[in-house]
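Reviewing the structure listed below.
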Amino acid sequence: MIIAASAPLTVVAGGVPSNFAVTGLVGIPLSFVVLGIILILFAIGYAAMSRHVHNAGAFFAYISKGLGKPAGMGAAMTALVAYNAMQIGIAGMFGFVFSSFLDTLFGVSWSWWVCALIAWVIVGIMGVLRVDFSAKVLGIIVGAEFLVVIVFDIIGLAHSPEGITGDGLAFDQLFAPGVGAALAFSIAAFMGFESGAIYNEEVKDPRRTAGRATVIAVSIIAVFYAFSAWAMVIGEGASQVIGRSQEFGPDLMFVFLGEHAPVWFVDLGNLLFLTSLLAALVAFHNIVARYVFALGRDRVLPQSLARTSRRTGAPVAGSLTQSALALVIILVFAVVGSGSDDPLFPVVTLFTWLTNMGAFGLVLLMALTALAVVGFLRTKSGEYSLWTRVIAPGLSAVGLLALFVAIVINFNVLIGAEGTSVLSWLLPAIVLVPGLIGTIWAIVLRSSAPHLYAGIGSGGSLG
């Protein structure tokens, strides 16, 4: 589920070329190494804390335990908005890619929003089924994605028009003007790695499974993306990769494969690009559903939202709530975009705006969670070393806060706006204001409804 949320083929085919094109930096492969180190440091303390806090609300519960219930309540509201934004934004990309796929292969012209609604139905059905069923399906999809990218990597290294060099991994190729935007783009590749802890109430060994899965997944993601981005630099040539990325954008990988691989393999890659997006949709849908469940169980949201399936145990009410919200927003963008002649409308609006909103909120939540780990583990000196309790999570908090500042500074670049625009402050506000309201709400509950306040972030905790 963690790697499915990361969507390997989507990142390598879509995210990496976009990063090259927008930032003009060759050092994108190194950005994954830098972020991987920060997130592995984060995962060390996160894994330790996951042994004591088993809650489907993950970040919400962790921040409540480490920084206090008002901060946790604010985090919960921000997380709900951020994860919904990631999930619904990806639906826009899916709609565009599926519509283009049908037109190219079968000559069928369906609107992007019709294609997005097909994914909406599939995701909604999978959301109310058992996690192990979804995980098996996603496991097959992710495995196939890895194979396609690995073949691309091998062809790239074999082609290497300028030779196999260290280009893309040199410090001066990343740490130059634009590094903030590069890191902000690359962090989106890691979004969803919290989901290991989100499933902690559903695994057989909650004291070890989530922590181990998180560390392994982050390590795999960081190494795989760094290697694949480097292979793209080598395959295109360091002097050509930026220009080619600006020319072809997310099609660059498939253009390259079209030049060096059989047609059937390119078609397979395009099909798996679709299933990669679908896998990410399912993964983020499940995260939102479990957040809603956790908040309903703690009676922060209506308790009816904590309803689960008697047959499968899936958080049905949370799943249906996320599906309803996704439907409304997809239809709103469909109506607004009906007068647009731009086929990229769902990509440059729904996908770009919402996924960057999501990344903005989630990086802030990760930084707060790292600080919460330090706060929570300070009383566990007999169980964990100073490295696990303070140093590793502390260093990750510094790195994540620096990254958050970089995202704020470069937000216009990330959403494709020129100069100062309304969107540059409105979209972040949509993420942050609910968090502020949640914090104030918790403070009010502390005096007006202490029994409700006491339950914030408490569900499933073993102390």
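List of remarks:
- The set of residues from the range 398-444 being of a type outside the set (Gly, Ala, Ser) and open to solvent by less than 20 Å² (accessible area, probe 1.4 Å) comprises Leu400, Leu403, Ile407, Phe411, Leu414, Ile415, Leu427, Pro428, Val431.
- For beta carbons closer than 8 Å, sequence separation of 6+ or different chains, a first residue in the range 323-350 that is in contact (Cβ under 8 Å) with a residue 60 or more places away in the chain and open to solvent by less than 70 Å² (accessible area, probe 1.4 Å) and a second that is of a type in the set (D, E, K, R) and not in a helix (DSSP H, G or I), the qualifying pairs are Val348/Asp342.
- Val348, sole failed condition from (1) within 22 Å of Gly127 (Cα to Cα); (2) outside any loop (DSSP other than H, G, I, E, B): (1)
- Residue list for the range 64-80, filter: closer than 15 Å to Met366 by Cβ and under 19 Å from the mean Cα position of the chain (by Cα): Ala75, Ala76, Thr78, Ala79
- Test: residue in the range 109-127 that is open to solvent by less than 50 Å² (accessible area, probe 1.4 Å), hydrophobic (A, V, I, L, M, F, W, C), over 26 Å from the mean Cα position of the chain (by Cα) and more than 30 Å from Val316 (Cα to Cα): no
- Helices (runs of 4 or more DSSP H) completely within the range 13-107 that count 1 or more residues being open to solvent by 10 Å² or more (accessible area, probe 1.4 Å) and touching a strand residue (DSSP E or B) at 6+ places or on another chain (Cβ under 8 Å): 59-67
- Apart from one condition, Phe360 fits all of (1) over 15 Å from the mean Cα position of the chain (by Cα); (2) crowded, with 22+ Cβ neighbours inside 10 Å; the exception is (1).
- Condition broken by Lys204, with the remaining ones in (1) farther than 29 Å from Ala47 by Cβ; (2) at pLDDT below 95; (3) surrounded by fewer than 16 Cβ atoms within 10 Å (Cβ to Cβ) satisfied: (1)
- Positions within the range 216-265 being open to solvent by less than 50 Å² (accessible area, probe 1.4 Å) and under 19 Å from the mean Cα position of the chain (by Cα), in sequence order: Ala217, Val218, Ser219, Ile221, Ala222, Phe224, Tyr225, Ala226, Ser228, Ala229
- Scanning the range 366-384 finds no residues that are closer than 30 Å to Leu277 by Cα, more than 18 Å from the chain's Cα centre (by Cα) and open to solvent by less than 70 Å² (accessible area, probe 1.4 Å).
- As for the range 324-332, it holds at least one residue that is farther than 18 Å from Phe94 by Cβ and in a helix (DSSP H, G or I).
- Residue match in the range 295-311 (condition: of a type in the set (A, V, I, L, M), crowded, with 18+ Cβ neighbours inside 10 Å, closer than 25 Å to Gly124 by Cα and in contact (Cβ under 8 Å) with a residue 60 or more places away in the chain): yes
The values are calculated or read from the model by the stated rules, or taken from the named source; none is laboratory data. Quick caveat, the model's predicted, so the values are computed rather than measured. With ideal geometry, Cβ positions are generated from the backbone for all residues, glycine too; neighbour counts draw on all protein chains shown. Each accessible area value is taken on the protein alone, full model and side chains, heavy atoms only, with ligands, DNA and RNA left out. Shrake-Rupley method; radii C 1.70, N 1.55, O 1.52, S 1.80 Å.
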